[in-house]
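Reviewing the structure listed below.
The values are calculated or read from the model by the stated rules, or taken from the named source; none is laboratory data. Here the structure is a predicted model, which is why all the values come from computation and not from measurement. Here the Cβ positions follow ideal geometry from the backbone for every residue, glycine too, while neighbour counts run over all protein chains shown. When the accessible area is computed, the model is the full protein with side chains, heavy atoms only, and any ligands, DNA or RNA have been set aside. Shrake-Rupley method; radii C 1.70, N 1.55, O 1.52, S 1.80 Å.
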Amino acid sequence: MEHGSLIYFDNAATSFPKPRSVVEETVRCMTDYGGNAGRGTHALALAAAEKIYECRTLLAKQFGVEDPARVIFALNTTSALNLALKGLLRRGDHVLISDMEHNSVLRPLSKMRVAGEITFSEFPSMTGDPRRSTEKILAGIALLITPKTRMLVTTHASNLCSVTMPLREIGAFCHQKGILFVVDGAQSAGHERISVDEMKIDALCIPGHKGLLGPQGCGALLLGKNITPEALGTLVEGGNGMASLERAMPLVLPERYEAGTLPTPAIAGLCEGVRIVERLGVDAIAEHERGLFRRARELLGNMDGVRLYADEYEGAVLLFNLNGIPADRVGRWLSERGICVRSGYHCSALGHQTLGTPEGGAVRASFGIYNDLAQVEHFAFALEEILRGV
Amino acid sequence: MKIPRNQTPPRIIQERGGNSFAELGSLTAAMKAQEVLAAAAIPSTVEKIEFPSSHRGCVYGLRISAMQEKNARAVLTSARISVKRWNTDR
């Protein structure tokens, strides 16, 4: 299907289109050098291994991790989060999560809670609260700490609106309290500065296919200095190309957590995506997206019948509803007009509850590097048509 | 097809004095060590160690010119990269 005429405002789901160099490198891997890394030392196996190591090194640099071996490839953010949560938590632990968490945090923890393994509490992100401040967020966290609190999990940037959490301060707080700090970087990787070491993050979970512009099929878990292979249990066991005579997964980073064949073509593409982000600079990318957000907010804010949510936070994500029209219908009508958005609950039960969206959820427009102001204006025009009943 | 960096023609490595093998463990560990040595202008190729010290099977290491072994040891030690065993074929 030809996408040239579509307006793609669903970058929070996956970035699209992918840059040409990402596509070319993904294909080149499959045609020129894509052996199976760690399954031999012939030319193609080693070439694949080099590309994978190159990507680890780029990601380590991008996210402030000193050792590339602390970059563990995963299928996506969700699988990275599952590994971090299930690998680090022990029976009886108490966990703190923000009230804006995605289901990729809420669901694994809910399952563990139902099984009687852990308990968790939600701390207020204060999204939409005019009194919001870092100090108040930390105070809210402090109130919920118990002697069994072992971990705090927070999204860095919400997938519903452009609110962000103060990672540096939360990391320092957790470090002082001896609490593990796990960050969901799904919406911030490639959009905001993140440094695992500086921010005292113990586990950063990121996708390759959103802000980092890579193909779907890869993400990563980046481990802080204090997490040892002994401390992080495995979720998946199997062949990893080393110590094949051992019955247990070796205690070696990152191979301990990379059983099975890695998605080498996706990783190869991700390499190029990270290079592009590095070249453009996350600050410039963020500023570009904020510019689109501001224009969209201005146009929608001036329309009767539009409700915006948490639009005081500027970034890549704008959430809204059209009064009297179900969100999914708005999404469908926009799609018929060639505009791609996501409607509904966005896999974020907690977030929608916190933002107070009605039944049916809301409509989300999320911007990326290939969007421009003309597209935002066309989008606003389409919404006006829908509101007029055209 | 671009020749991967690890496919160094064997004759260059095997010029004089034979080869040394640094047993490292995982493939990532071998690549990390290779990167460190490359920064010190010491070429190496990643290889599977034929008879690893641990008898665990499937262990990776680096082949280096035996003449470079002393330098390589110093560089790797300085980078806090632990080599499980050194072997030389002369």
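Straight-distance candidates among the aspartates and glutamates for linking to A:K225, with alpha-carbon spacing under 16 Å and chain neighbours fewer than 8 residues away dropped: A:E66, A:D67, A:D197, A:E198, A:D202. In sequence order, region A:95-108 has phi-based couplings of 10, 10, 10, 6, 7, 10, 5, 6, 4, 5, 9, 4, 5, x Hz under the Karplus curve 6.51 cos²θ - 1.76 cosθ + 1.60, θ = phi - 60°, and Gly or Pro positions carry x.
Distance between the C-alpha centres of region A:44-73 and region A:256-292: 12 Å, rounded to the whole angstrom.
Out of region A:1-89, which GluC sites (Glu not before Pro) are coil in DSSP terms and have no more than 10 other C-beta atoms within 10 Å?
A:E2
Taking max minus min of the alpha-carbon positions on each principal axis, region A:1-139 gives extents of 54, 45, 30 Å, largest first. Relative contact order for chain A: 23 percent, from Cα pairs under 8 Å spaced at least 6 residues apart, divided by residue count.
Spacing of the modelled spin labels on A:E384 and A:L138, each 7 Å from Cα toward Cβ, amounts to 4.7 nm.
Note on A:50-59: average number of Cβ atoms from other chains within 10 Å of each residue's Cβ is 3. Cross-linked pairs A:K18/A:K136; A:K136/A:K200; A:K177/B:K32; A:K18/B:K48; A:K18/A:K86: Cα-Cα separations exceed 29 Å for A:K18/A:K136; A:K177/B:K32; A:K18/B:K48; A:K18/A:K86. Given a cut-off of 38 Å, what percent of all Cα-Cα pairs of the protein assembly as shown lie beyond it? Here the long-distance tail beyond 38 Å is 31 percent of all Cα pairs in the protein assembly as shown.
If R0 is 45 Å, the Cβ-Cβ spacing of A:R107 and B:A38 corresponds to a FRET efficiency of close to 0.55. Comparing region A:227-284 with the 2.2 N^0.38 Å rule of thumb, its C-alpha radius of gyration ratio is 1.53 (two decimals). Scalar couplings 3J(HN,Hα) for region A:165-171, obtained by applying the Karplus form with A = 6.51, B = -1.76, C = 1.60 to θ = phi - 60°, are 9, x, 5, 4, 6, 5, x Hz; x denotes Gly and Pro. Pairing chain B with chain A buries about 2000 Å² of accessible area. This figure sums both sides and uses a 1.4 Å probe. Computed from Cα atoms alone, the Kirkwood hydrodynamic radius reported for region A:290-390 is 13.6 Å. With springs only between Cα atoms under 10 Å, which of A:A259, A:A231, A:A268 fluctuates most in a Gaussian network model of chain A? In the Gaussian network model the winner is A:A231. Only aspartates and glutamates eight or more places from A:K148 in sequence, or on another chain, were considered; those with a Cα closer than 13 Å are A:D93, A:E117. Between 0 and 90 degrees, the angle of helix A:77-88 with respect to the longest Cα principal axis of chain A falls at about 50 degrees. Considering only DSSP beta bridges with both partners in the protein assembly as shown, what is the antiparallel share in %, to the nearest 5? Bridges in the protein assembly as shown are about 65 percent antiparallel.
Amide H to amide H distances under 5 Å link A:L180 with A:M151, A:L152, where only residues 5 or more positions off or on other chains count and H is placed in the peptide plane.
Kirkwood hydrodynamic radius of region A:20-279, from the reciprocal of the average inverse Cα-Cα distance over all distinct pairs: 18.8 Å. For A:T234, the solvent-accessible surface with a 1.4 Å probe is about 40 Å², rounded to the nearest 10. If a spin label sat at a point 7 angstrom from the Cα of A:E230 along the line to its beta carbon, no backbone N atom of region A:141-185 would be nearer than 14 Å. Decide, for region A:141-252, between rounded, prolate and oblate: order the square roots of the alpha carbon gyration tensor eigenvalues as a ≥ b ≥ c, take rounded if a/c falls under 1.5, and otherwise choose prolate if a/b is larger than b/c, else oblate. It is oblate, given that a/c is not under 1.5 and a/b is not larger than b/c.
Label separation (A:D32 vs A:E336): 4.7 nm, computed from points 7 Å beyond Cα along the C-beta direction.
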